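S.K.: Supplied in C-alpha cells, the structure appears directly below.
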Amino acid sequence: MGGVRVRVPAKVNLQLSVGAARPDGFHDLANVFLAVGLYDEVTVTPADELRITCEGPDTDQVPLNHTNLAARAALALAERYGREPAVHIHIAKDIPVAGGMAGGSADGAAALLACNTLWNAGASRVELLGLCAELGSDVPFSLVGGAALGTGRGERLTALEIGGTFHWVLATAVRGLSTPAVFREFDRLTAGRDIPEPVVSRTLLDALAKADPDALAAAVSNDLQPAALSLFPELAHTLEAGRAAGALTALISGSGPTAAFLTRDLKGALTVAEALRASKTCRTVRTTTAPAPGAQAMA
Ligand code: ATP
C-alpha cells in the first residue's frame, strides 16, 4: 500500500503582542500568522511500528523518537480513533529547526493530516484543528495556512483577508533559540512593568487586506524581539544589513532567530538577499512569497 505525502508551510509572525504571564505560565497573545512559501514534506507509509526518519540540512537537530511532533500527532490520532500507530513517518525538512518558523508544528499538522488520510480515520476539519491545538499553540495555523489571527495562547484562529502577494527574504541564523527560553527572557525584561492586554492592530489588518507592503511594513511588530536580541545580540547585525539594502522592514520571526525582511517586489527581495549573503551575518538566505496554503496532500 502506498503512502500519503503532505506539504506544509513555515510561518512568520506579522504581529506578536504578548500579554502578562498567566497563572498557568502561558501568555495571552495577539498573534498574526502569515504562511510563507518554505515547506516541509511529510510522508506517512504503513510499517510494523512507529518509526521516524528525516532528511535535510538540519537533520541532526530533529528528534527521531516519540517526542517529535509528527510522532506525537500520529499517536494522538491513533489513540482517538482506536488505531495502531504503525507508520513510517519521513520528514523532508526545509524549514529551519528552532528558527521561530514553526517547523516542528508544521510537521505535526502534516502528520495528522497524512495519517487521517492513510487510515481513512474520517476526522473532520474541526476535529483535526482540535487535535492540532492539543499538540501546540502554532500547530492549528500550520493546517490552515494563509494569514490568520491567533488569540488565547495563539491557538484560537480567525482567518484573515489577504489581498495579494507579499515578497519576503528570510535569513536563518547559525544557531537556534529555544521558544521557552525567549519567553523567560521576555518575563525577565518586562518584570515589574504593566503589560497591556494584547490587541491586534487594525492598521496591520487593513494593510494585509489591501496587499500594501509599505503600510504592512509600518505596522508589523514583535514583542519577543527584544528578548531574542538580548539572548542573541548578533542578530542586530543581520537586521541592519537587510534594512541598509532597502528592506521595507526587518523583524525577527516569532521567538527567532530567523530574520524576515519585507520588500516591495521581487527585484527588491533579490537585492536584499544578495546584500545579506555578502554581509556574512547569517547562515542561509532565501527569497519567498506569501501567502502559502496550509498543509495539503500532494498527488
Ligand atoms: P516555533 O516557531 O513554533 O516556536 P521553532 O520553529 O522555533 O518553533 P522548531 O523547529 O519547531 O522550532 O523546533 C523546536 C524544537 O522542537 C527542536 O529543537 C526539536 O527539539 C523539537 N522538535 C520536535 N519535533 C520536531 C520536528 N518535527 N522538527 C523540528 N524540531 C522538532
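No value in this document is a laboratory result; all are computed from the given coordinates. All values derive from a computational prediction rather than experimental measurement. Methodologically, a virtual Cβ is constructed for each residue, glycine included, from the backbone with ideal geometry; neighbour enumeration extends over all protein chains shown.
S.K.: Among the GluC sites (Glu not before Pro) within segment 92-201, which fall in a DSSP loop and have no more than 12 other Cβ atoms within 10 Å of their own Cβ?
M.R.: Here the sparse-neighbourhood loop sites are 161.
S.K.: What percentages make up the Cα-Cα pair-distance distribution of segment 55-188 when the bins are 5 Å wide from 0?
M.R.: Reading upward from the zero bin: 2, 9, 18, 20, 20, 16, 10, 4, 1, 0.
S.K.: For residue 45 and residue 178 in the same chain, what is the full-extension length gain: residue separation times 0.36 nm, less their Cα-Cα distance, in nm?
M.R.: Full-extension gain reported as 44.8 nm.
S.K.: Here's something else I'd like to know. Over the Cα atoms of segment 114-153, compute the convex hull volume and normalise it per residue, giving Å³.
M.R.: For segment 114-153, the hull spanned by Cα atoms encloses 73 Å³ per residue.
S.K.: Here's another thing I want to ask about it. At 222 nm, what helix-only mean residue ellipticity would the chain give, in deg cm²/dmol to the nearest 500, using -39500 (n - 2.57) for each DSSP H run of four or more?
M.R.: Theoretical 222 nm ellipticity from helices: -10500 deg cm²/dmol.
S.K.: Once you have the Kirkwood Rh of segment 183-299 from its Cα pairs, apply Stokes-Einstein at 10 °C and 1.306 mPa s and quote D in µm²/s.
M.R.: Rounded, D is 100 µm²/s.
S.K.: Now a separate question. Out of every Cα pair in segment 250-299, what percent are spaced more than 15 Å from each other?
M.R.: Result for the distance tail: 55 percent.
S.K.: For residue 93, which lysines qualify as cross-link partners when the Cα separation must be under 24 Å and same-chain residues fewer than eight apart are set aside?
M.R.: By straight Cα distance, residue 93 reaches 11, 280.
S.K.: Something else: Could you state the angle between the C-alpha long axis of helix 125-135 and the longest principal axis of the C-alpha atoms of the chain, as a value from 0 to 90 degrees rounded to the nearest 10?
M.R.: 70 degrees
S.K.: Which whole-percent values make up P(r) of segment 1-42 when all C-alpha to C-alpha distances are grouped in 5 Å steps starting at zero?
M.R.: 6, 19, 14, 14, 13, 13, 10, 6, 4, 1, 0
S.K.: In whole angstrom, and with the biggest value first, how far do the Cα coordinates of segment 142-232 range along each principal axis?
M.R.: 38, 33, 28
S.K.: Now for a separate question. Starting from the Cα of residue 59, step 7 Å along the direction of its Cβ; do the same at residue 296; then give the gap between the two resulting points in nm.
M.R.: In this crude label model, residue 59 to residue 296 measures out at 2.8 nm.
S.K.: Here's something else I'd like to know. Quick one: work out Rg over Rh on the C-alpha atoms of segment 1-102, Rh as Kirkwood radius.
M.R.: 1.04
S.K.: Taking only the Cα atoms of segment 98-251, how large is their convex hull per residue, in Å³?
M.R.: 141 Å³
S.K.: Also, I was wondering about something else. Kirkwood hydrodynamic radius, computed over distinct alpha-carbon pairs, for the chain: how many Å, to one decimal?
M.R.: 19.3 Å is the Kirkwood radius here.
S.K.: With the convex hull built on the Cα atoms of segment 53-134, state its orientation-averaged projected area in nm².
M.R.: The Cα convex hull of segment 53-134, projected and averaged over all directions, gives 5.2 nm².
S.K.: If the cut-off is a Cα-Cα distance under 16 Å, which aspartates and glutamates reach residue 267, setting aside same-chain residues fewer than 8 apart in sequence?
M.R.: 214
S.K.: Here is a further query. Between the helical axis of 69-81 and the dominant principal axis of the chain, each derived from Cα atoms, what acute angle in degrees is found, rounded to the nearest 10?
M.R.: Between helix and principal axis, roughly 40 degrees.
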